[in-house]
Amino acid sequence: MNISFPFDDFWPVAVVERAPKEWPRGPSIHQMILTRSGMIFHNTPDKGEHLTTLDDALAGLPGKRFDIKPEYQEAAYIRLIESIKNPQAYDAILNNCQHTVNRILTGVAESPTLKIVGIITVTVGVTVLISGMNRRG
């Protein structure tokens, strides 16, 4: 991908969130990074990490904007440029839209939704196991 200089157009200014395009498409909202130029960097199952327009990313659905605090923008900018240069493929478990946004914002790729799903799964599993043991005993 050829990206023209200066990269200032790619300065990250906000996180934008929207509902999934089709319900149920996923357990949570879709997250993306809004740049100063109005372009969006996000991660989708069909294209992986990529730049697109805000209209394309919102897909006709309403979105919510959460401004990135100025003191975090420079570090996020450096990580965003690296991500634009070396985009990663989408993976629902290892690299979804939340992983991408959190990696750019904090340097740590994580998905809070997957953490919650994991905790619920473990809790339900332990409950079922204990319930089964109580019935036998």
The answer for Tyr90, listing residues at least 5 apart or on another chain whose modeled amide H is closer than 5 Å to its amide H, is Gly48, Glu49
Each label sits 7 Å from Cα toward the beta-carbon; between Asp46 and Ala92 the label points are separated, in nm, by 1.7 nm
Given backbone amide H placed at 1.01 Å from N, residues whose amide H is under 5 Å from that of Ala19, ignoring those fewer than 5 places away on the same chain, are His30
Here the residues of the stretch 34-56 lying in the modelled label zone of Asp9, meaning backbone nitrogen under 14 Å from a point 7 Å along Cα-to-Cβ, are 35-41, 51-54
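We did not get these values from a lab; they are worked out from the coordinates using the rules stated. Only a predicted model underlies this, so the values are computations on that prediction, with no experimental measurement involved. No Cβ is skipped: glycine too gets one built from the backbone with ideal geometry, and neighbour counts run over all protein chains shown.
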